[in-house]
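Just below is one structure, and these are the notes that go with it.
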Amino acid sequence: MTRSPSAEPAPDAAPPSGCPAAVPLSGPGFQTDPQAVYRAMRREHGSVVPVELPGGFPAWLVVGYREIHQVTSDPELFPRDVGLWNQWPHVPDDWPLLPMVGRPLPSIYFTAGEEHRRHVRMVVPALEAVDPFEIRGHCEQLADRLIDGFCARGDADLVAAFCEPLPVLVLARLVGFPDDEGADIARVLKDLADGGPEAQSAHQRFGAHMARLVAARRAEPGDDVTSRMLAFPEEFTDEEYMLDLMAITAAGHLTTADWIGNSVRLMLTESDFADSMARGRRSVADAMTEVLWEDGPTQILAGRWPVRDTRLGERRIKAGDLLLLGLGAANTDPLIRQGAPGAPASERGGSGAHLAFSHGEYRCPFPAQEIAEIIARTGIEVLLDRLPDLELAVPEGELVRRPSAFLRGTTALPVRFTPVPTTGDLS
Ligand code: HEM
């Protein structure tokens, strides 16, 4: 970590390294049709696009599949070391994108090089040891409980009532919280995601929950992620445990919520999926895969920061420039897309893997990907089993996406269905 943020005036809106015409990384196109925005960028600028972040900060958006591979496969030249950013002297403390870009902190998400690998050695085996059957069991029970909250009504906003709370409740159990604290953590993360005046105190509450959890599990270890992290033989400070637990929960909850929401949305709106609404379980898996290619939760990822001046695509990149990884754009790069345009992932052919979880040393850890997959698949299966005639309650055109170029999710998913009894009434 090299520099820490301070509050000096924002710079003139100079594009990186003297590039003409940086593209503003904001505006309704990212919400309504990001793929059209990516196509236009690729046409005009190639695979590495000069962009301007709100506040006038310059960055590069990498939209080429090969270039993202190149960057993520070379962590020595392109570490995820936010401290290297050459704009820190200009970034005010209240810059709205700070939560997206991050700050240097001693956690798995905000360290680089050997320090990052030290955290990976402790965190990843603790996630890997979670029993998939246990995740599935928690997920079925918590999904049933959430559905019980609205199933007798015949209508619901699935995002608020189901997609958002399910992953955080499951993750809270896996890291070792009792259920009543899980519900508060769900509220905390909602306040954080909403931004606004509650966000600051939400962050403190989030940290306080994790500090209590670390103390509780140290006093009385259990069969959970936190206890396994504490049992790892290398020394970590309480702050590091706490920040790693915050990173696990924060990295996992909204992404998995949006994976569920985007998949259910696809199943309710695309005729191919809607027609198979007798919906064998296969169509759940197909919809989830399709979403990771076409409509992934993390569209743009901040980021990577080169340690020295270099070239990428046709561009000269300066040391400390911010490289944003356009994961959503790279997934639809024509260079890796074979088969008919718009063909579903299953018919696409080609050997490339999607980049929804990124790639290389800093990618989403494999056991975390598996946890996300089990939560999303089990959640959707339980939902469709309980409410088999689920349908949208508004025209598709009225569904609104998150107002963010970085995250791809739906803000509300109003549905209706034939009311059914709660699980309590069935027993
Ligand atoms: C659909 C769900 C998910 C998506 C799309 C997703 C995506 C990502 C992405 C794009 C990164 C950053 C990779 C990079 O910088 O190259 C990441 C990192 C991470 N994710 Fe996930 N994630 C998901 C679910 C989860 C879950 C459920 C967990 C926890 C159980 C989790 C834990 C983490 C952690 C700890 C990191 C930091 C890894 C590191 O720095 O080594 N993620 N994820």
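The values are calculated or read from the model by the stated rules, or taken from the named source; none is laboratory data. These figures come from a predicted structure and were not determined experimentally. Backbone-built Cβ (ideal geometry, glycine too); neighbour counts: all protein chains shown. Note: areas computed on protein heavy atoms with side chains; ligands, DNA, RNA excluded. Shrake-Rupley method; radii C 1.70, N 1.55, O 1.52, S 1.80 Å.
Laid out as a table, the results:
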item	result
All positions within region 171-193 that are among the aliphatic types (A, V, I, L, M), over 16 Å from the mean Cα position of the chain (by Cα) and under 17 Å from residue 140 (Cα atoms)	172, 174, 183
Qualifying residues in region 125-137 (those that are open to solvent by 40 Å² or more (accessible area, probe 1.4 Å) and part of a helix (DSSP H, G or I)) - the one nearest to the ligand (Cβ to nearest atom)	128
Selection within region 244-257 - open to solvent by less than 10 Å² (accessible area, probe 1.4 Å) and within 16 Å of residue 205 (Cβ to Cβ)	245, 249
Residues that are buried (at least 16 other Cβ atoms within 10 Å of the Cβ) and over 22 Å from the mean Cα position of the chain (by Cα), drawn from region 86-114	86, 87, 88, 90, 91
Sole exception among (1) assigned to a helix (DSSP H, G or I); (2) open to solvent by 10 Å² or more (accessible area, probe 1.4 Å) for residue 260, by number	(2)
Hits in region 386-420 (condition: at pLDDT 95 or above, open to solvent by 10 Å² or more (accessible area, probe 1.4 Å) and farther than 23 Å from residue 34 by Cβ)	386, 393, 416, 417, 418, 419, 420
Unmet requirement for residue 71, which otherwise passes all of (1) open to solvent by 10 Å² or more (accessible area, probe 1.4 Å); (2) under 18 Å from residue 298 (Cα atoms)	(1)
Qualifying residue in region 294-314 (condition: at pLDDT below 95, more than 10 Å from the ligand (Cβ to nearest atom) and in a helix (DSSP H, G or I))	yes
Residue in region 234-243 that is surrounded by 22 or more Cβ atoms within 10 Å (Cβ to Cβ) and modelled with pLDDT under 95 present	no
Residue within region 165-188 that is in contact with a Ser or Thr (Cβ under 9 Å, 6 or more places away or on another chain) and open to solvent by 40 Å² or more (accessible area, probe 1.4 Å) present	no
Subset of region 82-115 (residues that are over 23 Å from residue 192 (Cα atoms), assigned to a loop (DSSP other than H, G, I, E, B) and within 15 Å of the ligand (Cβ to nearest atom))	85, 112
Qualifying residue in region 391-404 (condition: within 19 Å of residue 169 (Cβ to Cβ) and either within 14 Å of the ligand (Cβ to nearest atom) or in contact with a strand residue (DSSP E or B) (Cβ under 7 Å, 6 or more places away or on another chain) (or both))	no
Checklist (1) within 22 Å of the chain's Cα centre (by Cα); (2) basic (Lys, Arg); (3) within 12 Å of the ligand (Cβ to nearest atom) applied to residue 118, failing item	(1)
Tabulated pairs, region 352-371, first open to solvent by less than 50 Å² (accessible area, probe 1.4 Å), second more than 7 Å from the ligand (Cβ to nearest atom) and of a type in the set (D, E, K, R), C-beta under 9 angstrom, 6+ apart or interchain	352/333; 352/337; 360/74; 362/304; 365/128; 367/128
Members of region 315-333 that are more than 16 Å from the ligand (Cβ to nearest atom) and within 16 Å of residue 80 (Cβ to Cβ)	317, 319, 320, 321
Pairs where the first residue, in region 382-399, is within 12 Å of residue 267 (Cβ to Cβ) and the second is modelled with pLDDT of 95 or more and among the charged types (D, E, K, R), C-beta under 7 Å, 6+ apart	391/416
Which numbered condition residue 203 fails, given (1) part of a helix (DSSP H, G or I); (2) under 30 Å from residue 288 (Cβ atoms)	(2)
Test: residue in region 46-61 that is within 22 Å of residue 111 (Cβ to Cβ), under 22 Å from the mean Cα position of the chain (by Cα) and not in a helix (DSSP H, G or I)	yes
Number of the exception - residue 146 against (1) more than 21 Å from the chain's Cα centre (by Cα); (2) within 16 Å of the ligand (Cβ to nearest atom); (3) buried (at least 17 other Cβ atoms within 10 Å of the Cβ)	(2)
Residue tally, condition open to solvent by less than 40 Å² (accessible area, probe 1.4 Å) and more than 20 Å from the chain's Cα centre (by Cα), over region 30-39	2
